[in-house]
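Inspection log for the structure reproduced underneath, given as C-alpha cells.
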Amino acid sequence: MFVGREAQLSRLDSFLRAVRSKGDGKPGRALLIRGRRRVGKSRLVEEFLDRAGVPYVFFAASGRPVREELRLFAEEVLTSNLPGAGLFAGVELASWDAALRLLATALPDSGAVVVLDEVPYLVGADEHFEGTLQRAFDRELSRRRVLLIGIGSDLGMMEALDSYGRPFHQRASEMVVPPLNPAEV
C-alpha cells in the first residue's frame, strides 16, 4: 500500500498528460527529481508508473563501469513493456549516445515514460553523459511523446545538471521530494 505523496503524484500526472496531449513538434518533457537518500524518490516514481498505465522503462544505475551500465540498460529495456523493446535483443551498446538513440526508436507514439534512476552515477562514470543526454533529448526524445525522468540523491549534482553552462540547462523541470510528512501517514 502506498501512503501520501499525493501532491507529487499529481504533478507527475500533469507532466504525463502534457506529453500525451501536446500537438506535433516537441511533445517530450524532462523532469529531474532530487531529494535526500532513502526519502522515497524511486518508490514515488514506481507508484506513478503503476498508476499511469503507459509503457515505460525504469533503469537504476549502480555505479558500475560504463560498458556494464550499458549492458544492464539494454537488459532493462529488453524486459520492459515498451512496444519496441525487442530492438535491444542481442545488441551490444558501445555508448550512451547509441543507447539513447535506439531507445528513441523503441518508444510508442501514444506516450511512454523513461526513468534513469541514480543519474549521478551515470554522470560520474562518463564525463560525456550530460552532453550525450542533452543531444539525445534535443534531437530525439523531445520529439517523441515521452516523459524522461532523472532521479538522484546527490543534491548538489542534481541541481548542477540544470545550471547555466551545463549541457542539460533549461531542458528539464525540477521536483524536490521532501521527507514524508507525518500528516500524510
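Would you be able to say whether some residue in the range 146-158 is touching a residue at least 24 places away in the same chain (Cβ under 8 Å), under 14 Å from residue 173 (Cα atoms), out of contact with any Phe, Trp or Tyr (no Cβ under 7 Å at 6 or more places or on another chain) and among the acidic types (Asp, Glu)?
no
In the range 144-166, what count of residues is obtained for those that are farther than 15 Å from residue 18 by Cβ, under 16 Å from the mean Cα position of the chain (by Cα) and not polar (S, T, N, Q)?
Matching residues across the range 144-166 total 9.
Output the residue which, of all residues in the range 7-25 that are modelled with pLDDT of 85 or more and more than 19 Å from residue 174 (Cβ to Cβ), is least open to solvent (accessible area, probe 1.4 Å).
21
If you take the residues in the range 110-126 that are among the charged types (D, E, K, R) and touching a Phe, Trp or Tyr at 6+ places or on another chain (Cβ under 7 Å), which one is least open to solvent (accessible area, probe 1.4 Å)?
Among residues in the range 110-126 that are among the charged types (D, E, K, R) and touching a Phe, Trp or Tyr at 6+ places or on another chain (Cβ under 7 Å), the one least open to solvent (accessible area, probe 1.4 Å) is 117.
Quick check on the range 169-185: of everything there that is part of a loop (DSSP other than H, G, I, E, B) and free of Cβ contacts under 8 Å to residues at least 12 places away in the same chain, which residue is surrounded by the most Cβ atoms within 10 Å (Cβ to Cβ)?
Of the residues in the range 169-185, the ones part of a loop (DSSP other than H, G, I, E, B) are 169-172, 177-181, 185.
Still in the running and free of Cβ contacts under 8 Å to residues at least 12 places away in the same chain: 169-170.
On the way: 169: 14, 170: 9.
Applying the filter and picking the extreme gives 169.
Out of the residues in the range 56-79 that are open to solvent by less than 70 Å² (accessible area, probe 1.4 Å) and without any contact (Cβ under 8 Å) to a residue 40 or more places away in the chain, which is farthest from the chain's Cα centre (by Cα)?
By that ranking, first place goes to 68.
One residue is enough: does the range 157-168 have a residue meeting the conditions surrounded by 18 or more Cβ atoms within 10 Å (Cβ to Cβ), assigned to a loop (DSSP other than H, G, I, E, B) and aromatic (Phe, Trp, Tyr)?
Looking for residues that are surrounded by 18 or more Cβ atoms within 10 Å (Cβ to Cβ), assigned to a loop (DSSP other than H, G, I, E, B) and aromatic (Phe, Trp, Tyr), one finds at least one in the range 157-168, hence yes.
Given the residues 107, 141, 82, which is the only one that is at pLDDT 95 or above, farther than 22 Å from residue 63 by Cα, touching a Lys or Arg at 6+ places or on another chain (Cβ under 8 Å) and surrounded by 15 or more Cβ atoms within 10 Å (Cβ to Cβ)?
Unique residue meeting the criteria: 107.
The values are calculated or read from the model by the stated rules, or taken from the named source; none is laboratory data. This one's a predicted model, so the numbers in the text were calculated from it and none came from an experiment. Using ideal geometry, Cβ is built from the backbone for each residue, glycine included, and neighbour counts are taken over all protein chains shown. Each accessible area value is taken on the protein alone, full model and side chains, heavy atoms only, with ligands, DNA and RNA left out. Shrake-Rupley method; radii C 1.70, N 1.55, O 1.52, S 1.80 Å.
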